[in-house]
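These notes are about the structure you will find just below.
The values are calculated or read from the model by the stated rules, or taken from the named source; none is laboratory data. Just so it is clear, the structure is predicted and the values come from calculations on it, not from any experiment. Here the Cβ is made from the backbone with ideal geometry for all residues, glycine too, and neighbour counts use every protein chain on show. Quick note on the areas: whole protein, heavy atoms, side chains included, nothing else; ligands and nucleic acids left out. Shrake-Rupley method; radii C 1.70, N 1.55, O 1.52, S 1.80 Å.
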Amino acid sequence: MARIGHPDALTPPPDSGLWAQGNPQPRPGNSLEVLIDGERALAEMAEVLGDARSHVHIAGWHITPDFALTPGQSDLRLRELLAELAERVEVRVLLWAGPPLPVFHPHRSDVRAVRDELTRGTKVRCVLDARERSMHCHHEKLVIVDDTVTFVGGIDLTSLGGDRCDRCGHPAEGRLGWHDVATKLQGPAVGDVADHFRRRWQEVAGEQLPSAGQSTPAGEVEVQVIRTLPERTYRFAPKGDFRILEAYLRALRSAERLIYIENQFLWSAEIAAILSEKLRNPPSEEFRVILVLPARPNNGADTTRGQLGCLIEADGGRGGLLATTIHAQTGERSGPVYVHAKVAIVDDRWLTVGSANLNEHSLFNDTEMNVLTCNPDLAQQTRLELWAEHLGRPASEIAGDPSHVVDSLWKPIAEEQLERRNAGDSLTHRLMRLPAVSRRTKRLIGPMRGLLVDG
C-alpha cells in the first residue's frame, strides 16, 4: 500500500480521528436518510427521479431494463421511466461491462443487450466500463438527480439474483427475500458523488460534463464520501483510493462497547484481525460484536465460516460475539432472505452505508462507494431501526443498553431458532444464530478468493 501511495489505509495514525484522510473531506450541512430494504428505498428513488429537472446519472454493477421500482403500484418499468425522463433531461447510465471471460454473471453479452435495450429508440445514453482489474468489477450503486439528490448504497436496480424490492417485514412468499440498505443524501456531499460519476464518465465516454454547482445546506449532518478505486484504473486516480478500508480500520480500532455489522461477506483478513483482537482483549465488559450475514452467501461460504471460527476462538466463550442470519417469516412459514446490506455501526457514534463488502474485492479491487457519518443520533437511530426489524419489536422496546439487549433478546432468540432448525422443527422467528464451522484449512482462502471470484 505504501508503494502506491496509501500507507494510511492500513495504518492510520493513532488518535487521528474517525474520518478518512484526504479528499473528499467531510462536508457539513447535509441531510442523510437511511432507507432500509428495497420497497422503501426504490419508492424514494422513483419519486425523486420523476422530479428531475436537469439530468439523471446512474452508475451500477448491473441493471434490468424491465425492473419495476414500485411493483404493485405502477406498471412503469425502469426502461420506460428513463426513456420518459430522457425526453426532457439528460439521462446517462454507466454500467460495468461484465467479466472478460463468461465465468460468472452478468456476461458481457448480457450487458451489451441491456445497453441496447435502454438506448434503442430513446435518448438515454449508456456506456459500458471495462476498465476493471481482471476478474473484478465496478460495484458501486449510485443514482444522482440534478446534482442535488443522490442515492448511495447496496441496492442494484436489477432482478438478477433475488427480489430487490423486498419489504422490511420480509414475509415468506415462496421466493428469495432480500435485505438491503441505501441512503438518500442531499447537501454539499452530493457534489462529491456527482464529481466521481463525472470523472468516470469523462474517461469512459470521452464526454466532458460541467462541474457540479455549489450545493446549499440541506440539513445538519456531516457526511464524508469514501471510495475504493484500484490503482492504475483511472487517470484521475492513478494511485487508487482505499479510504473505505481506512475508514473501517479507524472505526473498528476505536470501538469500546459495540460493533454492529451487516454485510454480504466477511472475508477480509484486515477486518477479521481487528475483530479478533477486540474479542481477545475486550475494551469493556459490555463490549459486543454483532454480525448479520447471509445463511448461504453466493460464494465464499467456507471462507466466511473459517473467519467466524477465528472470531469464535478469539472470543474464547466470553459471549462477546454473536453471528446471525435472518429468514423470511409468516406464521410458521419461513423462507430464505439474502443479506445484501453493507452497514456498520460502532458505539452508536460512527455509521457507514454503501456498496462495499468486507472482502478483498471491495476493499482493494472493485470500484465502490460508501458514505459515512460520525453523527451519534443518526447512528443510533439506524441501529434501532435495523434491530427493530430483525427482532420484530418496536424500537422503544430495544432502546436500552445495547449489551443488555443483545444478551436478553438477540442471543436467546437466535439460539432458540438454531436449535429448532437443528431439531427439524419449524422456525418461529426471522432471526437465527449462524452456525460457524472452524475449518482451519479455509482460513487463508479469503484473500486468495478475493483475486478470483466476483463479490
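Scanning region 77-88 for residues that are without any contact (Cβ under 8 Å) to a residue 40 or more places away in the chain and in contact with a strand residue (DSSP E or B) (Cβ under 9 Å, 6 or more places away or on another chain) yields Leu85, Ala86. Among the conditions (1) touching a helix residue (DSSP H, G or I) at 6+ places or on another chain (Cβ under 9 Å); (2) over 18 Å from Arg383 (Cα atoms), the only one that Ile290 does not satisfy is (2). If you go through region 62-78 one residue at a time, do you hit one that is crowded, with 18+ Cβ neighbours inside 10 Å, hydrophobic (A, V, I, L, M, F, W, C), under 26 Å from the mean Cα position of the chain (by Cα) and not in a loop (DSSP other than H, G, I, E, B)? Yes - at least one qualifying residue is present in region 62-78. Quick check, is Thr330 at pLDDT below 95, of a type in the set (Ser, Thr, Tyr) and open to solvent by 10 Å² or more (accessible area, probe 1.4 Å)? When the stated conditions are applied, Thr330 passes them.
The set of residues from region 170-206 being open to solvent by 40 Å² or more (accessible area, probe 1.4 Å), in contact (Cβ under 8 Å) with a residue 12 or more places away in the chain and in a loop (DSSP other than H, G, I, E, B) comprises Glu173, Gly174, Arg175, Leu176. Taking the conditions (1) over 21 Å from the mean Cα position of the chain (by Cα); (2) part of a helix (DSSP H, G or I); (3) of a type in the set (Asp, Glu) in turn, Glu44 satisfies each one other than (1). Criterion first (touching an Asp or Glu at 6+ places or on another chain (Cβ under 8 Å), surrounded by 14 or more Cβ atoms within 10 Å (Cβ to Cβ) and either among the hydroxyl-bearing types (Ser, Thr, Tyr) or in contact (Cβ under 8 Å) with a residue 12 or more places away in the chain (or both)) does Cys126 satisfy it? For Cys126, the condition - touching an Asp or Glu at 6+ places or on another chain (Cβ under 8 Å), surrounded by 14 or more Cβ atoms within 10 Å (Cβ to Cβ) and either among the hydroxyl-bearing types (Ser, Thr, Tyr) or in contact (Cβ under 8 Å) with a residue 12 or more places away in the chain (or both) - is not met. Residues that are touching a Ser or Thr at 6+ places or on another chain (Cβ under 9 Å) and open to solvent by less than 20 Å² (accessible area, probe 1.4 Å) were ranked within region 35-47; the one that is nearest to Lys123 (Cα to Cα) is Leu42.
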